[in-house]
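Since the structure comes first, as structure tokens, the remarks are kept for the end.
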Amino acid sequence: QVQLVESGGGLVQPGGSLNLSCAASGSIFSDYAMGWYRQAAGKQRELVATITSTGTTNYADSVKGRFTISRDNAKNTVYLQMNSLKPEDTAVYLCNAGVRYYITYRLGRYWGQGTQVTVSS
């Protein structure tokens, strides 16, 4: 079983930056590809970025060039650096541990509780 705890959300002005963290425990972190999702009020959950255990990344078109996903396997943590934030980035951001041992990311069953990001002037 994997426990995930997100942090780093908050209120930021358009054009600003935030760095989200997702700390994992309960299993071998490097066995899992990881994903960041977001869910805005009244909308479906959206995949934002993924990273394999060895660091290969993938991004939704809406965040390419602005967001960067990374991981530190020694710290059991995955990050989402968000730059040039826009009001439409406002959402609850959640991390997900992919299916264990799969090299590429596949939606897994473990989720964090989410962290709120609000982009507003």
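A few remarks follow.
- Qualifying residue in the stretch 1-12 (condition: farther than 16 Å from GLY114 by Cβ and over 14 Å from the mean Cα position of the chain (by Cα)): yes
- Here the stretch 71-81 is the region considered, the condition is being open to solvent by 30 Å² or more (accessible area, probe 1.4 Å) and within 21 Å of SER27 (Cα to Cα), and the residue that is nearest to the chain's Cα centre (by Cα) is TYR79.
- Annotation note: of VAL12, VAL5, VAL48, the sole residue that is surrounded by 13 or more Cβ atoms within 10 Å (Cβ to Cβ), more than 15 Å from CYS95 (Cβ to Cβ) and of a type outside the set (Gly, Ala, Ser) is VAL12.
- Residue within the stretch 103-118 that is open to solvent by less than 50 Å² (accessible area, probe 1.4 Å), more than 14 Å from the chain's Cα centre (by Cα) and of a type in the set (Val, Ile, Thr) present: yes
- Residue tally, condition of a type outside the set (Gly, Ala, Ser) and either surrounded by 18 or more Cβ atoms within 10 Å (Cβ to Cβ) or touching a strand residue (DSSP E or B) at 6+ places or on another chain (Cβ under 6 Å) (or both), over the stretch 87-102: 8
- Selection within the stretch 19-47 - closer than 13 Å to VAL78 by Cα and among the aliphatic types (A, V, I, L, M): LEU20, ALA23, ALA24, ALA33, MET34
- Matching residues in the stretch 15-36 - criterion: being buried (at least 22 other Cβ atoms within 10 Å of the Cβ) and either among the aliphatic types (A, V, I, L, M) or in contact with a Gly (Cβ under 9 Å, 6 or more places away or on another chain) (or both): LEU20, CYS22, ALA24, TYR32, ALA33, MET34, GLY35
- Pairs with Cβ under 9 Å, 6+ apart, first in the stretch 79-107 and aromatic (Phe, Trp, Tyr), second assigned to a loop (DSSP other than H, G, I, E, B) and open to solvent by 50 Å² or more (accessible area, probe 1.4 Å): TYR105/VAL99
- Meets criteria (part of a strand (DSSP E or B) and on the phi < 0 side of the Ramachandran plot) for GLN116: yes
Conditions (1) surrounded by 15 or more Cβ atoms within 10 Å (Cβ to Cβ); (2) assigned to a strand (DSSP E or B), marked per residue:
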site	(1), (2)
GLN44	no, no
GLY55	no, no
VAL63	yes, no
ILE69	yes, yes
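- Boolean, SER84 is farther than 11 Å from VAL48 by Cα, open to solvent by 80 Å² or more (accessible area, probe 1.4 Å) and small (Gly, Ala, Ser): no
The values are calculated or read from the model by the stated rules, or taken from the named source; none is laboratory data. Remember, it's a predicted structure, so these values are computed and weren't measured experimentally. Cβ atoms come from the backbone with ideal geometry, glycine included; neighbour counts cover every protein chain shown. Surface areas here come from the heavy atoms of the whole protein model, side chains and all, with no ligands, DNA or RNA. Shrake-Rupley method; radii C 1.70, N 1.55, O 1.52, S 1.80 Å.
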